[in-house]
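Asker: Encoded as structure tokens, here's the structure I'll be asking about.
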């Protein structure tokens, strides 16, 4: 059965974008990335590209348009060490919601009054790993950034009485409800002050980055 996974990270947008072309050593930046990430990446590209190779392109600013997908795949492992990981939302039953929206949840979120959340869910709106202000060259994995102003709006929506408006079968409703509760917790954490030693986490004013992968 196909399914999706959405990973959340707290990160300061400006600090993250400053990595592009920074000249930092990729081994230093990726220090602490799990062996699982490295093996998955290297297996996917059959040894043609390594995680270090792609991170080096990002950090040197020497990015090639033809490598957009591998660069998108390096975002999650980079975030895992420069940002604060928050966990994972699992989309199993909700992957099969009967609509053709990119993020599957979008029409349901709109129907239950979460319009801004719907607009942001699975929106490929994060420039990283390309230079600040660039349009993403690849929408999968899908990297979404909820900036501080977005967090405030989404927080208000998720605090509303949306549960009573859900019209789904019980199991699917439970999965979506659990995901939205988890998302609300992530929004709260991203909006809170942080005392973090991570390279790209600020004391305040952080954003929430969502990385959606798995089945397309």
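Just so you know, all these numbers are worked out from the coordinates, no wet-lab data involved. Being a predicted model, the structure only gives us computed values, none of them experimental. Using ideal geometry, Cβ is built from the backbone for each residue, glycine included, and neighbour counts are taken over all protein chains shown.
Asker: Just from its helices, what would the mean residue ellipticity at 222 nm be for the chain, if runs of 4 or more DSSP H residues each count -39500 (n - 2.57) and the sum is divided by every residue, rounded to the nearest 500 deg cm²/dmol?
Answerer: The helix contribution divided over the chain gives -12000 deg cm²/dmol.
Asker: For 41, 128, 5, what's the fewest-to-most ordering of other Cβ within 10 Å of each Cβ?
Answerer: Listing 41, 128, 5 from fewest to most nearby Cβ atoms yields 5, 41, 128.
Asker: Got a sec? How would 140, 105 order by Cβ neighbour count within 10 Å, fewest to most?
Answerer: So the ranking, lowest neighbour count to highest, is 140, 105.
Asker: Taking the Cα-to-Cβ direction at residue 92 and at residue 31 and moving 7 Å from each Cα, how far apart do the two end points lie in nm?
Answerer: Result for the modelled spin labels: 3.9 nm.
Asker: Under a plain spin-label model, where a point goes 7 Å from the Cα along Cα-to-Cβ, how far apart in nm are residue 171 and residue 204?
Answerer: 4.6 nm
Asker: Using only Cα atoms, tell me the angle between helix 51-60 and the longest principal axis of the chain; keep it within 0 to 90° and round to the nearest 10.
Answerer: The angle comes out at about 80 degrees.
Asker: Using only Cα atoms, find the angle between the long axis of helix 68-82 and the longest principal axis of the chain, and express it within 0 to 90 degrees, rounded to the nearest 10.
Answerer: In the chain, helix 68-82 runs at an angle near 90 degrees to the longest axis.
Asker: Which one, (i) 17.1; (ii) 11.7; (iii) 13.6, gives mean projected area of the Cα convex hull in nm² as derived from the coordinates shown?
Answerer: Given (i) 17.1; (ii) 11.7; (iii) 13.6, the structure-derived one carries the label (ii).
Asker: Can you give the FRET efficiency for residue 44 and residue 100, using 1/(1 + (r/R0)^6), R0 = 25 Å, r = Cβ-Cβ distance, to the nearest 0.05?
Answerer: My answer for the efficiency is 0.40.
Asker: Defining a contact as two alpha carbons under 8 Å apart and six or more residues distant in sequence, what relative contact order in percent does region 4-214 show?
Answerer: Answer for region 4-214 is 34 percent.
Asker: What's the exposure ranking of 78, 52, 112, going from fewest to most Cβ atoms within 10 Å?
Answerer: Taking fewest neighbouring Cβ atoms as first place, the list is 52, 112, 78.
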